[in-house]
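Enquirer: Could you have a look at this structure, given as structure tokens, before my questions?
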Amino acid sequence: MARPHVLVVPYPGAGNINPSLQLAKLLHRHGVYVTFVNTEHNHRRVQDTEGAGAVRGRDGFRFEAIPDGLSEDDRAKQDYGNGLAESIVTCGAAHLRTLLERLNGEHSLPPVTCVLATMLMGFALGVARELGIPTMVFWTTSAASLMADMRLRDLKDRGYVPLKDESYLTNSYLDTTIIDGVPGMPPMSLGDFSSFLRTTDPDDFCLRLAEEEPDACAKAGALILNTFDSLEAEVLAALRANYSRIYTIGTLGSLLSRVTATDDSTNDSDTTGLSLWKQDAKCLAWLDTQEKCSVVYVNFGSLTVVTPEQLTEFAWGLAASGYPFLWCIRDGSVRGRAALPQAFTAETAGRCHLTSWCPQGQVLRHPAVGCFVTHSGWNSTCESLAAGVPMVCWPGFADQYTNCKYACDVWGVGVRLDAVVRREEVASHVREVMGSEEMRRSAARWKAGALAATGPGGSSYENLLSMVEGHDRHRAGGGRGQHGLHARHGAGGREERDADPGVYGDQLARQLRERAYVTEGEPGEHHEVESIAAACVAFSTARHGTTDCTDRGAVSFSKGGDGIARWKVLRHPAVGCFVTHNGWNSTLESMAAGVPMVCWPWFSDQYTNCKYACEVWGVGVRLDPEVRREQVSGHVKEAMGSEEMRKNATKWKEAAEAATAPGGTAFQNLLSMVSALSKQTK
């Protein structure tokens with residue numbers, strides 16, 4: 001089998017480049033050959049800030065560059081961002097096609113087997129289809145922002161977009177117009193949608209691009225999202241109706257950190273990014289001198305530009321908060337040549353550290369940081385959630401309004417500043433976040449959720465493996481390497497692709513496990529082995545089309561004395577259902593493994609456990625006391641086929657992982673118990 005070769009094509013903005021590089025490194029660590037495509041302009045900027053070695057590559061990982069079509073005069077214009085988007089969409093296809101043809105013509109390289117493009121780079125998917133190369137798309141914002149963008153065309157049809165005139169930007173129309181019924185999302189004000197709808201021009205380029213991108217992404221064989229299942233469970237469930245294959249692999253920074261931390265072969269390039277600005281690591285030494293959770297970190301990302309008046313209001317608001325703060329003021333992020341007031345510098349001496357750019361992931365994970373004043377970009381939001389740091393949100397562009405809505409109203413980890421910056425509100429909001437125990441608990445819960453998702457057995461960890469290995473790890477007995485990055489290749493070294501090579505993996509089966517696990521606890525009198533065996537035959541007939549279960553490997557018998565560790569069985573990816581007596585240990589192990597249950601209680605607390613499993617937690621169905629083969633078979637089929645039951649089981653699995661991870665409730669309670677015991681012995 002030839003080595004898979006993925007061409008990663010990110011939109012040329014920092015918010016797309018950095019998560020794409022993290023994903024590319026994860027793929028490379030799992031045996032995939034990676035070619036990472038920058039624009040020539042960004043390639044030179046990285047060399048200037050990070051040194052030539054940053055884009056030199058290494059075995060199995062190379063960097064390439066294509067033109068973005070802009071002149072230096074174009075880059076100096078105030079609407080540079082819009083100009084870049086229009087230029088790359090217009091001229092990118094021809095340059096990318098030339099690059100692909102060159103790479104596939106080099107005999108020393110494995111042929112490109114997949115083009116992985118980010119959002120806003122839909123032209124790359126078209127080029128790949130023309131050349132018969134499978135595709136994946138990486139949507140670099142949240143699942144909620146994708147769903148919100150999918151509704152923009154509907155909002156236009158209903159007359160909400162474009163705005164009638166400029167007054168609608170300031171007359172509270174955006175805040176008071178509530179849009180309900182967006183699948184998987186809470187009621188949203190119009191202002192919580194993408195900023196691209198804030199236009200009076202029906203032909204606005206950015207609005208049109210935001211409308212079209214979700215459709216372009218749906219044509220790819222798989223959709224990759226930098227989120228984790230429990231963070232956006234409802235909207236992810238709704239998105240699966242539109243996208244045949246979704247891989248949630250976030251938060252990417254956490255996933256990459258955990259993978260590299262356990263590998264002795266890791267080198268520096270595995271943990272560094274492609275910064276377009278020179279990073280100041282001295283701020284970390286300053287943080288080392290501060291008390292735990294005492295510092296406010298301020299950074300408005302790679303695109304935000306503030307006015308001198310806004311800069312001044314933020315400065316005096318931070319000063320009035322009373323907390324020490326680390327403020328990142330990016331070169332070019334203040335309009336004109338404005339500087340901070342001299343009086344401010346004197347007022348905050350000793351508790352203010354200014355920098356032009358910093359390693360944000362490390363800053364947010366530093367124990368001294370207790371609050372993040374942010375623009376609510378998705379990468380910043382992910383990093384803050386993964387670090388367990390609550391936020392003061394000041395959105396201003398694209399998906400930032402949606403991210404802010406979720407941070408404040410759904411996840412409970414933030415408060416929002418008004419668009420008009422006032423020093424009094426800045427100070428009060430910072431104090432509120434720094435002093436809120438409830439917000440800190442919510443942040444700790446999501447941090448634990450991110451840890452659980454990115455650890456071995458977690459949803460993001462397993463989804464990455466599924467994506468790389470090319471088969472659904474939740475299927476038993478399915479062929480390995482059929483449709484994913486490790487796909488089969490013919491004798492000529494080229495992939496034996498499907499009839500429609502542009503559709504990558506759309507024939508993969510849904511995530512249904514194909515085995516039921518049956519145990520009835522400790523040996524006892526109350527067993528109906530014959531009926532259960534007959535039901536297994538009926539179930540196997542429906543699943544495999546034969547009554548010869550053992551011949552197909554559909555049934556395996558084991559006695560309790562064989563020493564099987566039940567928890568190992570339940571965590572095995574082949575197990576999709578647990579027929580159980582509902583002893584509490586069995587119920588807990590099934591919940592922790594995310595396995596739905598067919599319940600048959602008969603002693604002590606088992607009836608209570610069954611009641612909760614079936615009617616409160618939504619992860620089980622109950623058998624009658626009198627066992628009938630038809631009902632056993634029917635209930636097993638129901639548990640194995642129920643998407644709702646499986647979603648509930650996954651939710652409780654991730655909750656258990658979050659509770660038992662460092663910072664989780666169970667973990668912390670164990671530490672408290674040990675501490676209490678230690679005090680009693682003194």
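Enquirer: Quick one: ALA346 ticks every box in (1) surrounded by fewer than 20 Cβ atoms within 10 Å (Cβ to Cβ); (2) within 33 Å of the chain's Cα centre (by Cα) bar one, so which box is it?
Expert: (2)
Enquirer: Ok, one more. Quick check on region 608-641: of everything there that is polar (S, T, N, Q) and surrounded by 19 or more Cβ atoms within 10 Å (Cβ to Cβ), which residue is nearest to ARG571 (Cα to Cα)? Break it down stepwise before answering.
Expert: Step one: of region 608-641, the residues polar (S, T, N, Q) are 608-609, 631, 633.
Then keep just the ones that are surrounded by 19 or more Cβ atoms within 10 Å (Cβ to Cβ); that gives 609, 633.
Numbers: ASN609: 20, SER633: 23 Å.
The extreme case among them is ASN609.
Enquirer: List the number of the failed condition for VAL627; all other conditions in (1) over 15 Å from PHE578 (Cβ atoms); (2) part of a helix (DSSP H, G or I); (3) of a type in the set (A, V, I, L, M, F, W, C) hold.
Expert: Answer for VAL627: the failing condition is (2).
Enquirer: Now for a separate question. What are the residue pairs meeting all of these: first residue in region 428-442, first residue touching a residue at least 60 places away in the same chain (Cβ under 8 Å), second residue assigned to a helix (DSSP H, G or I), Cβ atoms under 8 Å, and 6 or more apart or on different chains?
Expert: Taking only residues 6 or more apart or on different chains, the pairs are VAL430/GLY317; VAL430/LEU318; VAL430/SER321; ARG431/SER321; VAL433/MET439; MET434/SER321.
Enquirer: Among the residues of region 294-305, are any at pLDDT 95 or above, assigned to a loop (DSSP other than H, G, I, E, B) and of a type in the set (Phe, Trp, Tyr)?
Expert: Initially, region 294-305 is screened for residues at pLDDT 95 or above, giving 294-300.
Pick out the ones that are also assigned to a loop (DSSP other than H, G, I, E, B) and you get 294, 300.
Next, from what is left, pick out any that are of a type in the set (Phe, Trp, Tyr): 300.
Yes; the residues of region 294-305 include at least one that is at pLDDT 95 or above, assigned to a loop (DSSP other than H, G, I, E, B) and of a type in the set (Phe, Trp, Tyr).
Enquirer: Residues being farther than 30 Å from ASN82 by Cβ and part of a loop (DSSP other than H, G, I, E, B): count how many of those fall in region 306-336.
Expert: The first filter runs over region 306-336 and keeps only residues farther than 30 Å from ASN82 by Cβ, leaving 316-326.
Checking which are part of a loop (DSSP other than H, G, I, E, B) leaves us with 322-324.
Here the count works out to 3.
Enquirer: Those residues that are closer than 19 Å to LEU287 by Cβ and not polar (S, T, N, Q), I need them from region 331-355; list them, please. Break it down stepwise before answering.
Expert: Just the residues of region 331-355 that are closer than 19 Å to LEU287 by Cβ, to begin with: 348-355.
Correct list: ALA349, GLY350, ARG351, CYS352, HIS353, LEU354.
Enquirer: In region 185-217, what residues are in a helix (DSSP H, G or I) and either among the hydrophobic types (A, V, I, L, M, F, W, C) or modelled with pLDDT under 90 (or both)? Walk me through it before giving the result.
Expert: Step one: filter region 185-217 for residues in a helix (DSSP H, G or I), giving 190-192, 195-197, 205-217.
Hits for region 185-217 are LEU190, PHE196, LEU197, PHE205, CYS206, LEU207, LEU209, ALA210, ALA216, CYS217.
Enquirer: Among what's in region 397-433 and is among the acidic types (Asp, Glu) and assigned to a helix (DSSP H, G or I), pick the residue that is nearest to the chain's Cα centre (by Cα). If you could, list the steps in order and put the result at the bottom.
Expert: Residues of region 397-433 among the acidic types (Asp, Glu): 399, 409, 418, 424-425, 432.
Okay, now just the ones that are also assigned to a helix (DSSP H, G or I), so 409, 424-425, 432.
Details: ASP409: 19, GLU424: 35, GLU425: 31, GLU432: 28 Å.
Selected residue: ASP409.
Enquirer: Please work out which one of (1) surrounded by 16 or more Cβ atoms within 10 Å (Cβ to Cβ); (2) in contact with a Ser or Thr (Cβ under 9 Å, 6 or more places away or on another chain); (3) over 26 Å from GLU469 (Cβ atoms) is the condition ASN18 fails and give its number.
Expert: (3)
Enquirer: Let me ask something additional. Which members of region 77-105 meet the condition of being over 22 Å from LEU120 (Cβ atoms) and among the small types (Gly, Ala, Ser)?
Expert: The answer is GLY105, and nothing else.
Enquirer: Among the residues of region 169-184, write down those that are β-branched (Val, Ile, Thr) and either at pLDDT below 90 or in a helix (DSSP H, G or I) (or both).
Expert: Keep residues of region 169-184 that are β-branched (Val, Ile, Thr), which gives 170, 176-179, 182.
The one that is β-branched (Val, Ile, Thr) and either at pLDDT below 90 or in a helix (DSSP H, G or I) (or both): THR176.
Enquirer: Let me ask something additional. If you take the residues of region 591-607 that are in contact (Cβ under 8 Å) with a residue 40 or more places away in the chain and either part of a helix (DSSP H, G or I) or not assigned by TED's automatic domain parsing to the domain that holds VAL621 (or both), which of them is nearest to VAL575 (Cα to Cα)?
Expert: So the first thing to find is which residues in region 591-607 are in contact (Cβ under 8 Å) with a residue 40 or more places away in the chain, and the list is 591-598, 600, 602-603.
Filter once more, so that each one left must be either part of a helix (DSSP H, G or I) or not assigned by TED's automatic domain parsing to the domain that holds VAL621 (or both): 591-593.
Working: MET591: 13, ALA592: 13, ALA593: 10 Å.
In this case the residue turns out to be ALA593.
Enquirer: For the list (1) surrounded by 20 or more Cβ atoms within 10 Å (Cβ to Cβ); (2) free of Cβ contacts under 8 Å to residues at least 60 places away in the same chain, I need the number of the one condition that GLU213 fails.
Expert: Of the numbered conditions (1) surrounded by 20 or more Cβ atoms within 10 Å (Cβ to Cβ); (2) free of Cβ contacts under 8 Å to residues at least 60 places away in the same chain, the odd one out for GLU213 is (2).
Enquirer: Are there any pairs with C-beta distances below 8 angstrom linking a residue in region 142-168 that is crowded, with 17+ Cβ neighbours inside 10 Å and in a helix (DSSP H, G or I) to a residue that is among the polar types (S, T, N, Q) and modelled with pLDDT under 95, with the two at least 6 apart or on different chains, and if so which?
Expert: Between residues of region 142-168 that are crowded, with 17+ Cβ neighbours inside 10 Å and in a helix (DSSP H, G or I) and residues that are among the polar types (S, T, N, Q) and modelled with pLDDT under 95, the close pairs are MET150/ASN242.
Enquirer: Would you mind listing the helices (runs of 4 or more DSSP H) fully within region 1-82 where at least 1 residues are more than 23 Å from ASP331 (Cβ to Cβ) and without any contact (Cβ under 8 Å) to a residue 40 or more places away in the chain?
Expert: Values: elements: 14-29, 40-50, 72-75.
Hits in region 1-82: 14-29.
Enquirer: Do we have any residue at all in region 218-238 that's part of a loop (DSSP other than H, G, I, E, B), surrounded by fewer than 19 Cβ atoms within 10 Å (Cβ to Cβ), modelled with pLDDT of 85 or more and not assigned by TED's automatic domain parsing to the domain that holds ILE329?
Expert: Looking only at region 218-238, we keep the residues that are part of a loop (DSSP other than H, G, I, E, B), and these are 219-222, 226-232.
Keeping just the survivors that are surrounded by fewer than 19 Cβ atoms within 10 Å (Cβ to Cβ) gives 219.
Keeping just the survivors that are modelled with pLDDT of 85 or more gives 219.
From the residues that got through so far, the ones that are not assigned by TED's automatic domain parsing to the domain that holds ILE329 too are 219.
Yes: one or more hits.
Enquirer: Can you say whether ALA427 is among the aliphatic types (A, V, I, L, M) and more than 23 Å from VAL235 (Cα to Cα), as far as the supplied structure shows?
Expert: Working: among the aliphatic types (A, V, I, L, M): yes; more than 23 Å from VAL235 (Cα to Cα): yes.
Yes: the conditions hold for ALA427.
Enquirer: Consider ASP165 against the criteria (1) touching an Asp or Glu at 6+ places or on another chain (Cβ under 7 Å); (2) within 30 Å of PRO183 (Cα to Cα); (3) not aliphatic (A, V, I, L, M): it satisfies all of them except one. Which criterion is unmet?
Expert: So ASP165 meets the others, but not (1).
Enquirer: Right, next: Residue by residue through region 282-293, note down the ones that are part of a loop (DSSP other than H, G, I, E, B) and either outside the structural domain of LEU417 (by TED's automatic domain parsing) or crowded, with 19+ Cβ neighbours inside 10 Å (or both). Can you show your working first?
Expert: We begin by selecting, within region 282-293, every residue part of a loop (DSSP other than H, G, I, E, B); these are 289-293.
The answer is GLN290, and nothing else.
Here's the yes/no breakdown for (1) modelled with pLDDT of 95 or more; (2) surrounded by 21 or more Cβ atoms within 10 Å (Cβ to Cβ); (3) in contact with a Phe, Trp or Tyr (Cβ under 8 Å, 6 or more places away or on another chain):
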{"residue": "VAL389", "(1), (2), (3)": "yes, yes, yes"}
{"residue": "VAL392", "(1), (2), (3)": "yes, yes, yes"}
{"residue": "TYR401", "(1), (2), (3)": "yes, yes, yes"}
{"residue": "MET467", "(1), (2), (3)": "no, yes, yes"}
{"residue": "GLY479", "(1), (2), (3)": "no, no, no"}
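Enquirer: Looking at region 644-659, which of its residues are more than 21 Å from the chain's Cα centre (by Cα) and either modelled with pLDDT under 85 or not aliphatic (A, V, I, L, M) (or both)? First the steps, then the outcome.
Expert: Residues of region 644-659 more than 21 Å from the chain's Cα centre (by Cα): 644-645.
Within region 644-659, just GLU644 meets the criteria.
The values are calculated or read from the model by the stated rules, or taken from the named source; none is laboratory data. A quick note: this is a predicted structure, and the numbers were derived from the prediction, not measured. Every residue, glycine among them, receives a Cβ derived from its backbone with ideal geometry; neighbour counts consider all protein chains shown.
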